[in-house]
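See below for the structure under consideration.
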Amino acid sequence: MTTLRSLMTSVAVASMLGGLSLPAYAQAIDVAIIGEPDTLDPMVSTKDVVSTVTQHFYETLFTFNGSWEVVPLLAAEMPEIADDGKTYTIPIREGVTFHDGSTMDAHDVVDSLKRWTEVATRGRGVADKIDSITALDDYTVEIKMNEAYSPLLSLLAFSNSAAAVYPQENLGETIAEVIGTGPYKLGEHRPDQYIQVVRFDDYASRTEPSDGASGERKLLLDEIRFIPVPDPNTRLEGLLSGQYDFAEGLETQAYDRLAGSDVAEPMLLEPFGWPVFAFNHKAGLMADESIRLAVQAALAPEDMLYAAFGDEKFFQVDGALYPEGYFWRNEAGLEFYNEANPERAAEYLEAADYDGTPLRILTSHQYEFHFKMAEVAKVYLEAAGFTVDMQVVDWATLGERRNVPDLWDIYITHSPFLPEPALTSMYAPTSRLGWENEAKDAVLDAFTTETEPEKRLELFTKLQALLFEQAAFYKVGNFNALLGKSKKLEGVEETPWPFFWNASVAE
């Protein structure tokens with residue numbers, strides 16, 4: 001039965017979308033996201049906005065529970081791993097149905113994983129370590145490695161550049177239709193207006209208790225509308241007015257307004273992640289290590305973080321790749337962090353015979369804190385002697401340009417703190433950055449083949465030291481992320497990639 005609230009919501013959204021009419025559902029929410037996803041194929045993107053939307057209709061063999069441990073999702077159980085760490089035998093769940101009515105089996109999984117190794121950033125990063133992916137029978141998959149690779153299960157569990165499972169018939173260089181096994185299926189997509197997903201009544205949920213993204217996925221909402229809203233103030237005002245039920249990527253100054261609202265409330269993820277200046281090692285100015293070292297020496301992270309977040313409640317000036325309390329925390333290379341030394345930077349520029357060629361920095365207003373950091377960075381870089389070309393574009397355009405090495409020198413992005421360092425693709429020579437170095441590659445290879453935790457920490461400490469010595473990229477610091485939700489919206493986990501199975505709207 002259609003409720004008054006859902007009818008009013010549909011009318012409001014239709015009005016906002018220029019008179020378009022959407023069907024009303026008894027349990028429906030509107031989610032304001034930072035912009036239009038440039039794809040609904042999660043394999044080919046590392047963007048958070050893509051992961052947030054697509055995880056509702058695509059699933060992976062494994063996922064993470066609330067403690068960031070890898071647990072089964074489409075796999076029936078955890079794999080049997082050979083003593084040498086090179087063979088994974090993975091049982092596949094029976095009775096799982098795709099949105100087109102077909103039944104998932106091991107052959108769908110095998111072909112999906114093979115595509116992942118060809119088109120996904122993280123899949124390509126591990127492809128040379130995989131000898132074969134085969135179906136032993138209709139519900140058993142075998143992955144044979146040519147060397148032990150400790151992060152494999154974490155990679156297969158990640159919803160970002162995801163090893164998602166598609167119907168075998170739908171696979172190709174591009175995906176013709178959005179067909180997955182997830183709790184929701186694509187209803188209607190009008191780019192830059194909305195992505196409507198509706199409950200998949202034949203969804204085959206796991207039965208374990210819900211824990212993070214793992215366990216039972218309850219379909220309490222009939223419909224979710226993801227609405228691209230590039231301006232953070234518009235996202236905030238829509239949330240406070242009741243137009244949206246959830247909003248991501250809010251600016252920190254919105255916290256007090258949300259805390260004092262009768263309609264909405266803040267969700268603060270602390271610590272959330274790290275802003276990063278990604279350096280182009282493949283082409284242009286930043287392919288020169290001396291230029292990268294000059295940028296590293298010039299930047300003033302404390303000023304950048306203050307400009308971006310305005311209050312120490314929302315950030316920490318910290319160059320280590322993991323914050324306090326994480327197993328991977330170490331202090332290697334921190335003498336190169338927070339130098340804010342234009343004279344030192346100028347020495348590196350002189351050594352590089354810098355000729356004034358503009359340093360191209362890609363950023364976007366859709367993540368306003370990226371733009372604010374870029375503005376401060378520009379001042380410090382110019383003081384060191386750089387000519388800076390700030391290129392402010394929408395997030396979708398940034399995503400396109402960063403794939404073409406000739407078009408940029410630095411782009412600004414961010415990442416949550418991930419449970420496995422190897423999930424951060426920037427370390428790999430196959431990433432957009434192209435950080436390729438004999439010493440680093442040897443340490444990275446040793447890190448990913450080692451299985452003993454303390455030895456892995458020693459190797460990760462060496463990797464962090466090399467990051468600073470070679471100025472591979474620049475971690476600005478730690479930040480806390482602000483999201484907001486309606487006080488009537490229940491059952492939403494505090495997670496970097498919010499999902500809405502298990503969520504409901506109180507009447």
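Readers should treat all values here as calculations from the given coordinates under stated rules, not as data from a laboratory. Here the structure is a predicted model, which is why all the values come from computation and not from measurement. Every residue, glycine as well, gets a Cβ built from its backbone with ideal geometry; the counts of neighbours run over all protein chains shown.
Which helices, counted as full DSSP H runs in the chain, have an axial Cα extent of no less than 15 Å and a Kyte-Doolittle average of -0.5 or above?
4-16, 106-119, 368-384, 438-449, 453-469
Sorting 57, 327, 417 from the fewest to the most surrounding beta carbons within 10 angstrom yields 327, 417, 57. Within the same chain, lysines fewer than 8 places from residue 86 are excluded, and of the rest, those with a Cα less than 20 Å from its Cα are 114, 129, 144, 455. Dipole size of the chain about its Cα centre, with +1 on Lys/Arg Cβ and -1 on Asp/Glu Cβ: approximately 840 debye, rounded to the nearest 20.
Short-range pairs are left out: with C-alpha atoms under 8 Å and at least six residues apart, the relative contact order of region 217-295 is 16 percent. Counted over region 273-479, the DSSP beta bridges are approximately 65% antiparallel. Ranking 504, 365, 403 by how far each Cα lies toward the positive end of the dipole of the chain (charges on Cβ) leaves 504 at the top. Its Cα centre serving as origin, region 273-479 has a Cβ charge dipole (Lys and Arg +1, Asp and Glu -1) of approximately 540 debye. Restricting to the chain, what percent of DSSP beta bridges are antiparallel, rounded to 5? Beta bridges within the chain, antiparallel portion: roughly 80 percent. Each residue, residue 389 and residue 202, gets one label point 7 Å from its Cα in the Cβ direction; the gap between the two is 5.3 nm.
Each residue of region 76-85 was assigned a 3J(HN,Hα) from its phi angle through the Karplus expression (A = 6.51, B = -1.76, C = 1.60, θ = phi - 60°), giving 5, 7, 5, x, 8, 10, 4, 4, 7, x Hz with x at Gly and Pro.
If R0 equals 41 Å, the separation of the Cβ atoms of residue 234 and residue 507 corresponds to a calculated FRET efficiency of about 0.90.
Apply 1/(1 + (r/R0)^6) to the Cβ-Cβ distance of residue 454 and residue 302, taking R0 = 30 Å, and write down the FRET efficiency to the nearest 0.05. Provide the component values of the computation, followed by the final result.
Working: r = 33 Å, r/R0 = 1.09.
It comes to 0.35.
Using R0 = 30 Å, the C-beta based FRET efficiency linking residue 324 and residue 365 works out to 0.40. Taking the charge dipole of the chain about its Cα centre, with +1 at Lys and Arg Cβ atoms and -1 at Asp and Glu Cβ atoms, the residue from 236, 300, 468 reaching farthest to the positive side is 236. Shape class of the chain from the alpha-carbon gyration tensor: oblate, with a/c at 1.5 or above and b/c at least as large as a/b.
Only lysines eight or more places from residue 378 in sequence, or on another chain, were considered; those with a Cα closer than 21 Å are 475. Counting 0.36 nm for each residue step from residue 407 to residue 146 and taking away their Cα separation leaves a gain of 90.3 nm. Close amide H partners of residue 66, meaning residues 5 or more places away or on another chain with modelled amide H under 5 Å apart, are 212, 213, 214.
Annotation: lysines with alpha-carbon distance below 22 angstrom to residue 185 (same-chain offsets under eight excluded): 47, 218.
Selection among 226, 145, 338 by position relative to the dipole of the chain gives 226 as farthest towards the positive end (Cβ unit charges, Cα centre).
Spin-label model, residue 382 to residue 216: label points 7 Å out along the Cα-to-beta-carbon direction sit 5.9 nm apart.
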